[in-house]
Structures are given as C-alpha cells and as structure tokens.
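Peer 1: Below is the structure I would like to discuss, written out as structure tokens.
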Amino acid sequence: MVYSIQQIADAIGAEAFGNTDLIVERVTEPAMAGANDLALLTNPKFAGGLAQGSARAAMLWPGADWQELGLEAAIESPRGRYGLSGLSALMDPGQHFGAGIHASAVIDPTAEIGENVAIGPLVVIGARAKIGANSIIGPQCSVGADATLGANAYLREMVSIGARATIGARFIAQPGVRVASDGFSFVTPEKSGVEAARETLGDQGDVKSQEWTRIHSLGSVTIGDDVELGANTCIDCGTIRDTRIGNGVKMDNLVHIAHNVVIGDNTILAGQCGIAGSTVIGKNVVMGGQCGVTDNTTVGDNVIAGGATKMMSKVPAGRVVLGSPAVKMETHLEMYKGLRRLPRLIADVAKLQKTISKPDTKD
Amino acid sequence: MVYSIQQIADAIGAEAFGNTDLIVERVTEPAMAGANDLALLTNPKFAGGLAQGSARAAMLWPGADWQELGLEAAIESPRGRYGLSGLSALMDPGQHFGAGIHASAVIDPTAEIGENVAIGPLVVIGARAKIGANSIIGPQCSVGADATLGANAYLREMVSIGARATIGARFIAQPGVRVASDGFSFVTPEKSGVEAARETLGDQGDVKSQEWTRIHSLGSVTIGDDVELGANTCIDCGTIRDTRIGNGVKMDNLVHIAHNVVIGDNTILAGQCGIAGSTVIGKNVVMGGQCGVTDNTTVGDNVIAGGATKMMSKVPAGRVVLGSPAVKMETHLEMYKGLRRLPRLIADVAKLQKTISKPDTKD
Amino acid sequence: MVYSIQQIADAIGAEAFGNTDLIVERVTEPAMAGANDLALLTNPKFAGGLAQGSARAAMLWPGADWQELGLEAAIESPRGRYGLSGLSALMDPGQHFGAGIHASAVIDPTAEIGENVAIGPLVVIGARAKIGANSIIGPQCSVGADATLGANAYLREMVSIGARATIGARFIAQPGVRVASDGFSFVTPEKSGVEAARETLGDQGDVKSQEWTRIHSLGSVTIGDDVELGANTCIDCGTIRDTRIGNGVKMDNLVHIAHNVVIGDNTILAGQCGIAGSTVIGKNVVMGGQCGVTDNTTVGDNVIAGGATKMMSKVPAGRVVLGSPAVKMETHLEMYKGLRRLPRLIADVAKLQKTISKPDTKD
C-alpha cells in the first residue's frame, strides 16, 4: 500500500505541510530513507540522519521547520510516539495470511464461524467453538471445544486456546500463546513441609516425603476486549471460577499467569513477568520485565513496578516499587545507597572501636 | 456428567449429610452457585457467600453445621484442599479431544500405538515411537522417532517430544511442552573469558574473541511415572547420558531444565524456574516461582526455596532458603532487617564520629 | 552409524592409540559403557568408572596412559570438551526427520525451495518465502511470507518464523522458537504515569487511567550466520528497522528478545535471559541464566554477567558483573560480605553507643 502525505496526515489526525501529494511506500529511519520513504524523525537529536538518507518527506516533532530540514513535505504529530501508533497501523504490511478458510483446517461441524473469518492452514477448531466476525486465525492454531473468540480476533501462528475460554473483541495473540492450560495446583494427603515452613517462617518440622495429588481445573479463562498477549505467554485456567483478564490488558512475551489470577483493565506486563496463583492485580498497573508477584496477594490500581521487582506481599494502590523484595522506589534507592557505602561503614565502625578502646588500654 | 451428593462423597472418601440423592452438575464458589451447583466452602470465613448464591448443597470444612448454613445436603472433607483433588477429578469437563485416531494425523507405519489410544488431528508420530495404552495425544502434537510414552499419557495440544525420549506412565503435558530439545553446550577452541573469570573470580584476563563450537546432545530425556509439565516448559537432552526427571515430579509453566540435570522424585518447580546444566536436584524439593539454580551444583532432598530464590551454590538437604544468592530463610530475614535499618545505622555512626571527634577539637 | 577409533580421531583431529581399527557405536560415560561403546573420560577423576563398565576404548585427557587404564584403544584430545564437540557432531543420531518434501506440507507456490531441502509433515511455507539449499524444516513448522532462510538451516518441530525475517546460513532453531513476533510497544494519548515516574524517580504524579494504543511493527528480524536459538525462545520484530542478531550468536531456552534490540557477533545468552526494547548488546558477551537488561541501554563487548544479573543501566565493555542491580563482580562480593556482617555491625554500633553514652550518664 502506498499513501500520499495528505492521506497519512488525515488518517492519524496530524497536520501536513509542503507537497502533500507526495507518495510514500514505507516508513524508515532518516539515515536509511530512500526517495519514496517517509523518514520518522520525532526527536530533533536525530535530525542529522536526514543528510545521510534521501528522504523527501518526514514525520517530524512538533514545531520542526521542515523547509530548513530540506524536505519537500512533512507531517507534524503533536505527540511523536502517539502519532507513530496511527502511522504504523496504516503502514503495517501484515503477515499475508490470506482470506477464507483453508482446505486443510480441521473444523468441527458444530463450531460457529462468524462472517468474513479467515482460517489458515492446519488449524484445529473444536466442538461448539465460536469465532467472531472478521477474525483471522493464523496457521496451525488450535481453538478448543466451547471456546469463544469475539469479533476481530487476530491470532498469529500456533496459538492454542483451551476448552471453554471466553475472549472478548479485538483479541491479539502472538505466536505460541497458550490460553487455558490447566492450573498448577497440587495437594498432599497430610500437611506438607511447605505449609509448615510458611507457618513457622522457615522450619518445615518433621519432613515426611509425600506424593502430590492433582487438583483439576474446573474453571477456564475469561479475557476482556482489546487484550494482546505476547509470544509463548501462558494463562492457566482457574480452579473453580475462571482466571480473569480485564479489558485493554497487554502482556509481552513469555509471561506466566497462574490459576485464579484476576488482572484489572489496562494493565501492562512486560516480558517474562509471572503472577502466582489467586493473586489480584489492579487496573492500570505497569510491570517492567521479569517481575514476579507471589500467590494469594493483591497489587493495587496504578502500581508501577520497575524491571525484576519481586512483589512478596500486598502492594498498595498507586505505589511505585522496585527491588526484591519490592519496596517503595525511594526506599529502594536509599537502601541501595547504604549498601554501596557498607564497606566504608564497616571500616568507620572498626576505627571508632579502636579510638574508644585506646583510652582504656592507656589506663 | 451429573452426580448425586452420595456418589461424590463415595468417590472422594468423604461423608455425606442430608438429602444425599440431590443431583449436582458443577462445582462453584458459594456466591455464584445456582440451585444445581455444589458450592465449595472449605474455609468458614467465606460462609457468608452462601447467602448471595442459591446453593442447596456444599462441600464444607470439617465440623461445619450444614443445617445451620441452610443447606439441603452437604459433604464434609477432613482436609479441604485434599478433598478438592478428588472432587475436581470427578467433575473435570475435560478438553473433548475425542476418541480414536484422527484421519489427518501423520503416523509412521513403524510406530507402535497401544490399545485404546486417542490421537488428535494433525499429530505427527515418528518412526518406532511407542504410545502406551489409553493415552490421549492432543491436536497438533509431535512425538519423535524412537520416543516412548507410558500408559495413560495425556498430552494437551502442540506438545513436542524429541527423538529417543523415554517417559513413564500417566504423563501429563500442558500445551507447548518441549521434551528433548537439544542441550545448550558450546565450547571455544582455547580457554574463554568465562573460564578465566570463573577461576579468578572476576578477571577475564586478555580477552580474545572466539567462535563457539557446538557440543551435540547424544543423550535424550528420561522421565518417570506420574510427571506433569506446565505450558511451554522445556527439558533439554543430556550430552552423553539422558537428562533425568524422577517419579511424581510436577513442573509449572515456562520452566527451563538444562542438559544433564537430574531431578529427584516428587519435586515441585513453580512457574518460570530454571535449572542450569548438570545440576542435581533432590527428592521432595519445592521451589517457588522464578527460582534459579546454577550449573554443576546440588540441591538436597526436601529443600524448600521461596519465590525468586537464586541458588548459586550447593544447598544442603532439608534447608529452607530465600534470596539472591540463596541463604537460610532466617539469615535472609535478619540480613534484610539489617538492610532496612542501614540508613539509620549510617546516621548513628556519623553521630558517633562527631561525638568522639568533638573532645579532640575542644583540645 | 559406527566408526573405527581411527576414523573418529581423524574426523576430530585427535591422536589414536592401540587397536585403532576397533569399531564403536555410541559414546557413553565410563561406568555405563558396553563393549562397543566409546567411553568419554576427559577428566582423570572419573577414571575409576571404567572398571564398572566394559569399555574397550575411550576418549581420554591429554597425557593419559591408556594401557594402564586397561583399554584396547584410545583417542586423546588436547582440550577435552573441544574434542567432544567434534565427536558429538560425528555420533549425533539426529531426529530422523526424513528427506524430501512431505505430502502434507502446505507450501505456497511462490515460495522458493532450495536444492536438497527436507520439509516435514504439516509444515506451512508462505508466499515468496525462500529456503536455502540443504535445509531441514522439521514437522509442523511455519515460515512466513517473504521470509528468507539461508543454506543448511535446521529447524526442529513447531518453529515459527514470521513474515519478512531474514536469516543467514546454518541457522539452528529448537522446538517452539518464535522469530518475528510483533514488538510490544504501546503508547498513551497523554503522558502516562510510567513516563512521570521515570522523570521524577518515583512520583507518578496525578495518575490518570488511560488506554494503550498499539505501535505496529514495521520492521522484522535479521539474523546472521551460525545462530542457534533454544526451545520456546522469542525474538520480536523491530518498530521501524529490523531487530538484529549478529553472526555466531547462541541463545538457550525461553529467552526473550524485544523489538529493536541489536546483539553483536558470538554473544551467548543462557536460559530465560531477557533483553528489553531497543537495547544494544555487544560482541562476545556471555550472560548466565535469568539475566535481564533494561530497555534503551548498552552492554559493551566481552561483558560477562553471572546468573540472574539484572543490568539496569549501561555496562562498559569487558566488565564482569553480578547482582541486581548489576555491579562489578568484586564490588558485588564486597557488598555481599558487608551484608552478611550487617547484623554484627548493628550490634557493634549499639555497643559503641552504650560505651560512649555511659560516661555522660556518670557525669
């Protein structure tokens, strides 16, 4: 697809300048731009790159002087990265999965396939599954029995959705997503060492080896509208009720969501985060990569957790946390500063001890 | 499937009270229970929920007064969660994968398929692979050449088992499990910076860039009976001998088991744990989520590691550990308490220094 | 395949001794070796194992006395593990994926398949994809539209390569690898709490819940020659330009590489490492398992990071780092030693305070 500068500006709600009929084919970095590319230049510090490329048009930061930059045409976005969202949606070349239902797909006759749905090669769709209108099911996906996908779902290749999962509109799943795997829940016939250690903070008492008995998942997974899940991310079924993911939740790659977890609307989990069983995460929470939250706790609305933060207990709403175990960001910085000073502090104390003991030895 | 209260009680070895002929269809939380549901109420603090729902029957904590709770029938389980294991197994609606061998499965003619095995659509089974009786192989799975699965295996969708893996009875694999991926083992022609840094604790000496040469995996993976692996969990092949997983081992989602690792019976690894190459984990070990164990070390029997514990060296049997690097739980708590007091300690020492130096300045 | 001792020695460039016509079938540990096995014994401390097995031939450490060890034949490798790389390549029994193109594969007619390529059952190859000569595409893999795989690629089962990915020669992908999943990049219409917290180091200001708008990935992934990716490892597309993986890079299982990341030649990432968006990793870097690197930073050439190191800011070239946040290995050891002494230090300071305050109370 090619677009004129004016068409792009109109589509993303930005202003166009200069020769707005100029046609562009791709979006590139300024230094790599050819004559038919739109250079993306939303930060003035990269303006030097324009000279290395051949861009005639660019998307620029607010207030940029496109003529001084030697351009024929320009688009100005008041909030650069936000403008990029519209621009990238427009210019996304996509996966070319193709329309219609591929002959090699294995679709149960009782499945309900909505209007205008594309189903790729070697897909499996189970009994009574429902696929909403305009959805795209990529190659080699699996949708389990009685699962429901809302309208406009977009599944990349090899996504699997287990039985009875209920998913809202505009769901996006990257390759290898697992929705509705069985929860990880085991119990011993008698009290286990873990239970004893939790009660006593460290003493597991008379350890007795026991076998683990499985608790099956009777619940499934319920996912709201506008959710996106990253590659190879896994969401387990609930034990009695469904594990629940709110509207607008976005998860990155390799995230682990255990049984019974509840995640509030518009929460973001970066790569490799893990939420243990029965924990409740609020709305609008943001976790950096490799965060972890223990089981049976709560993380309040609007919490922000830096990368690799391990939340071992309840986090109040609105808090910005860091560290393992997680503490307020300012507490973490103070503790860490102290830790860096610790070797000097030990030397200082040794010196004090010497100073004080000296008068005694003089006596 | 529907069951009477008496049937359920008999099946899980619990006691039934009241109208034990009452039929229930599902297990739910008390507040969400309809008239044909069995409310799960094993903790008295949630008893208030019964009033919000319409349950006529419940599974209750030991000694609960079912009549006072307004129920028509009840089951009492002496150890609530243990009772739930039997109840959930009975009521599990399953994935509806269907019986028989699907016409679209690609099965090598030399494979040996046991009696009463179900093989889903688009499965691939390699040469000389053996599938034990009564096994269920979910859609789009792959079982490699010369691999052996014991009786009653249950593979969810898109599980892959590499060549020559040997797996015991009653194996359960969640979607996307990878058994017998190649081990990650590389070597440089001359001593590498890593080897030098390990020897000198930090000095990698004269760094020389080198290419890495692959060590192929000649071993495979041997897994005992009653093992369950979580979604997208990966177990690598051994180098010379097999990587070995004991009986009754349970792993959660996204766990990483490197080449040559040995894991003892009934050990449990929660989500996103990682065990590095050639490490030996004992029996009955329990690791919380996101734990890590370094390579070529041992973790003794009955060790319990809290979430995100990083075991950088040998852990003796029976120890309860926490932190990064892992220390005894009580040591960790003491160290952490100290760390929290550190800013105040620094102030205290500064004050002491002032107090002591003052007499000098007065001189 | 069986080989004579002489053939093996010749193939791996080592010296053979004794009855070099002796034929061996497998490589095993000394204690488990049968009469037709080659025992691997590159460390003298395991020599005792020979007596437990029946090996007649072994690969030995430099300078070993094969006759004293009671062997009929031996191979000596000057650098044991390096010799093992050649030996293991020779003796690797492989996956038996079979030659030719399986009838069940779904290959777009515009795809270009090189000479002598093997394509397994139920594979999907998209429009205009190019598969280099002598490549092996395992069962149930997916290669997207316009993707390019160099010569001698080896894809295990269920690997997915997204549209427009460009991959060099001799690529190895373990089961479940995801190349060119969409980048995880979202933006809010107005400044978000995260942006405010980053600017103020902890204060997210007036929190306003906002929905997240997607930034699509216009770039794909470019991978050099001789790269290997572990099971279920994921590499996201770049936003404007490709995410770039250099030559000779090796990644273990469950690694996460975010959008726009650049990784230099011959870098090694162990299991479950994660590199956040737009970060640049140098050449010849080695990271232990479960390391993390924050977004938009750099890790210099030849950096070595111990297991579970979290790099929160720039790491200079050549540094050996540990800890969370990462510091120089010697600094980490000193800080940690201090931390272990902290409880005693607190007691010492309390004692000092008492000693000093006593004279005052006496006044």
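Peer 1: The protein assembly as shown: Rg/Rh from Cα coordinates, Kirkwood Rh?
Peer 2: Values: Rg = 30.5 Å, Rh = 30.9 Å.
In the protein assembly as shown, Rg relative to Rh is 0.99.
Peer 1: Run through all the Cα pairs of region C:3-91 and give the fraction in each 10 Å bin from 0, expressed as whole percent.
Peer 2: Here the calculated profile for region C:3-91 is 20, 61, 19.
Peer 1: A further question on this structure: Give me the net charge of A:L50's neighbourhood, meaning all other residues with Cβ under 14 Å from the Cβ of A:L50; Lys, Arg count +1, Asp, Glu -1.
Peer 2: Values: positive: A:K45, A:R56; negative: A:E29, A:D37, A:D65, A:E68, A:E72.
Once all neighbours under 14 Å are counted, the net charge is -3.
Peer 1: Given a 10 angstrom Cα cut-off, can you work out which residue in B:L342, B:L90, B:L352 is the most mobile in a GNM of chain B?
Peer 2: Its mean-square fluctuation being the largest, the pick is B:L352.
Peer 1: A further question on this structure: Can you work out the FRET efficiency for the pair A:A51 and B:E334, with r the C-beta to C-beta distance and R0 = 60 Å, to the nearest 0.05?
Peer 2: Numbers: r = 61 Å, r/R0 = 1.01.
The computed FRET efficiency comes out at 0.50.
Peer 1: With every protein chain kept in the model, how would you rank A:R198, C:R164 by accessible area, 1.4 Å probe, largest at the top? Let's see the in-between values first.
Peer 2: On the way: A:R198 150, C:R164 60 Å².
Result, largest first: A:R198, C:R164.
Peer 1: Continuing with this model, one more query. Which parts of region B:43-81 would a label at B:A31 reach, counting a residue when its backbone N lies under 12 Å from a point 7 Å out along Cα-to-Cβ?
Peer 2: B:46-53
Peer 1: In nm, what does the list of distances from C:E68 to its counterparts in the other copies look like, shortest first, when each label sits 7 Å along Cα to Cβ?
Peer 2: Shortest to longest, the spacings are 8.2, 8.2 nm.
Peer 1: Here's a follow-up. How many Cβ atoms of partner chains, on average, are near each residue of B:325-333 if near means within 10 Å of its Cβ?
Peer 2: Values: counts 7, 0, 2, 1, 6, 3, 3, 2, 2.
The mean count of partner-chain Cβ atoms within 10 Å per residue comes to 3.
Peer 1: Also, quick follow-up: In chain C, carbon and sulfur make up what percent of the accessible area (probe 1.4 Å)? Mind showing how you got there, number by number?
Peer 2: Details: 6980 of 13900 Å².
Answer for chain C is 50 percent, counting heavy atoms of protein chains only.
Peer 1: Next up: Can you work out ³J(HN,Hα) from phi for every residue in region B:182-189, in order, using Karplus 6.51 cos²θ - 1.76 cosθ + 1.60 and θ = phi - 60°, giving whole Hz and x for Gly and Pro?
Peer 2: Those phi angles translate into 5, x, 9, 8, 9, 9, 9, x Hz.
Peer 1: On to the next question. Using the eigenvalues of the Cα gyration tensor, what equivalent ellipsoid semi-axes result for chain A when each is taken as the square root of five times the eigenvalue, whole Å, largest first?
Peer 2: Details: eigenvalues 424, 294, 42 Å².
Over the Cα atoms of chain A, the semi-axes work out to 46, 38, 14 Å.
Peer 1: Given a cut-off of under 8 Å on Cα pairs at least six residues apart, what relative contact order in percent is computed for region A:3-91?
Peer 2: Details: 188 pairs, mean separation 25.9, N = 89.
In percent, rounded to a whole number, it is 29.
Peer 1: In what sequence, largest accessible area first, do B:E72, C:E228 appear using a 1.4 Å probe? Working shown, then result.
Peer 2: On the way: B:E72 80, C:E228 5 Å².
Ranked from most to least accessible, the order is B:E72, C:E228.
Peer 1: Moving on to the next point. Determine the alpha carbon to alpha carbon distance for each of A:K328/C:K354; B:K314/B:K337; B:K283/B:K310; A:K351/B:K354; B:K310/C:K45 and list only those over 22 Å. Mind showing how you got there, number by number?
Peer 2: Numbers: A:K328/C:K354 33 Å; B:K314/B:K337 25 Å; B:K283/B:K310 19 Å; A:K351/B:K354 13 Å; B:K310/C:K45 29 Å.
Over 22 Å Cα-Cα: A:K328/C:K354; B:K314/B:K337; B:K310/C:K45.
Peer 1: In sequence order, what are the phi-derived ³J(HN,Hα) couplings for region C:164-180 according to the Karplus relation 6.51 cos²θ - 1.76 cosθ + 1.60 with θ = phi - 60°, rounded to whole Hz, with x for glycine and proline?
Peer 2: Values, residue by residue: 6, 5, 10, 10, x, 7, 6, 6, 10, 10, 6, x, x, 4, 10, 9, 6 Hz.
Peer 1: What is the Cα convex hull volume of region B:183-260 when expressed per residue in Å³? Don't skip to the end; give the middle numbers.
Peer 2: Details: hull volume 9.8 nm³, N = 78.
Each residue corresponds to 125 Å³ of Cα convex hull volume.
Peer 1: How far is it, in nm, from the label point at A:E15 to the one at B:N296 when both lie 7 Å from their Cα along the line to the Cβ?
Peer 2: 6.5
Peer 1: By accessible area of protein heavy atoms, probe 1.4 Å, what ranking do B:R214, B:R26 get, highest first? Working shown, then result.
Peer 2: Details: B:R214 35, B:R26 125 Å².
I get B:R26, B:R214, largest accessible area first.
Peer 1: Now, a different point. As a check on your grasp of the helix formula, calculate [θ] at 222 nm for the protein assembly as shown: sum -39500 (n - 2.57) over DSSP H runs of n ≥ 4, divide by the residue count, round to the nearest 500. Mind dumping the intermediate values first?
Peer 2: Numbers: 15 runs with 198 residues, N = 1089.
The helix-only estimate for the protein assembly as shown comes to -6000 deg cm²/dmol at 222 nm.
Peer 1: Using a 1.4 Å probe, what is the accessible area per residue for the protein assembly as shown, in Å²?
Peer 2: Numbers: 41680 Å² over 1089 residues.
The answer is 38 Å² per residue.
Peer 1: Name the long-range amide H neighbours of B:L38: under 5 Å, sequence gap of 5 or more, or other chain; modelled H, no Pro or chain starts.
Peer 2: B:E25, B:R26, B:V27, B:T28
Peer 1: While we're here: Can you give the FRET efficiency for B:S357 and C:E115, using 1/(1 + (r/R0)^6), R0 = 56 Å, r = Cβ-Cβ distance, to the nearest 0.05?
Peer 2: Working: r = 84 Å, r/R0 = 1.49.
Efficiency, rounded to the nearest 0.05: 0.10.
Peer 1: Another question, then. Using protein heavy atoms only (no ligands, DNA or RNA), what is the total accessible area buried between A and B, 1.4 Å probe, nearest 100 Å²?
Peer 2: Numbers: alone 19780 and 19750 Å², together 33570 Å².
Approximately 6000 Å², summed over both chains.
Peer 1: Diagonalise the Cα gyration tensor of region B:126-165 and give the resulting equivalent ellipsoid semi-axes, square root of 5 times each eigenvalue, largest first, whole Å. Spell out each step's value before the answer.
Peer 2: On the way: eigenvalues 42, 32, 9 Å².
Semi-axes from the Cα gyration tensor: 14, 13, 7 Å.
Peer 1: For region A:70-129, count all C-alpha to C-alpha pairs, find those more than 14 Å apart, and express that count as a whole percent of the total. Could you put the intermediate results ahead of the total?
Peer 2: Working: 1241 of 1770 pairs.
Tail of P(r) above 14 Å: 70 percent of Cα pairs.
Peer 1: Can you tally the net charge around A:L71? Count Lys and Arg as +1, Asp and Glu as -1, for every other residue whose Cβ sits under 10 Å from the Cβ of A:L71.
Peer 2: Details: positive: A:R56; negative: A:D65, A:E68, A:E72.
Combined, the nearby Lys, Arg, Asp and Glu give -2.
Peer 1: Same structure again: Using Cα centres only, tell me the gap between region B:165-240 and region C:92-110 in whole Å.
Peer 2: Between the Cα centre of region B:165-240 and that of region C:92-110, the gap is 26 Å.
Peer 1: Same structure, new question: Pop out the Kirkwood hydrodynamic radius of region C:126-200 from its pairwise C-alpha distances, inverse of mean 1/r, in Å to one decimal. Please report the intermediate quantities before stating the final value.
Peer 2: On the way: mean 1/r = 0.0712 Å⁻¹.
Averaging 1/r across every pair of different Cα atoms and inverting gives 14.0 Å.
Peer 1: Same structure again: How many times 2.2 N^0.38 Å is the alpha carbon radius of gyration of region A:213-363?
Peer 2: Values: Rg = 21.9 Å, N = 151, 2.2 N^0.38 = 14.8 Å.
Dividing the Cα radius of gyration by 2.2 N^0.38 Å gives 1.48.
Peer 1: Please compute the net charge surrounding C:G13, taking Lys and Arg as +1 and Asp and Glu as -1 over other residues with Cβ under 15 Å from its Cβ.
Peer 2: On the way: positive: C:R79, C:R81; negative: B:E190, C:D10, C:E15, C:E76.
Here the charged neighbours net out to -2.
Peer 1: Taking the alpha-carbon centroid of each part, what is the distance from region C:1-79 to region B:252-313 in angstrom?
Peer 2: The two parts, judged by their Cα centres, are 33 Å apart.
Peer 1: What ratio of Cα Rg to 2.2 N^0.38 Å holds for region C:1-158? Intermediate values should be presented prior to the final figure.
Peer 2: Details: Rg = 20.9 Å, N = 158, 2.2 N^0.38 = 15.1 Å.
After normalising by residue count via 2.2 N^0.38 Å, the value is 1.39.
The values are calculated or read from the model by the stated rules, or taken from the named source; none is laboratory data. All of these numbers come straight from a predicted model, not from anything done at the bench. So basically every Cβ, Gly included, is an ideal-geometry build from the backbone, and we count neighbours across all protein chains shown. SASA here: full protein model, heavy atoms, side chains in, ligands and nucleic acids out. Shrake-Rupley method; radii C 1.70, N 1.55, O 1.52, S 1.80 Å.
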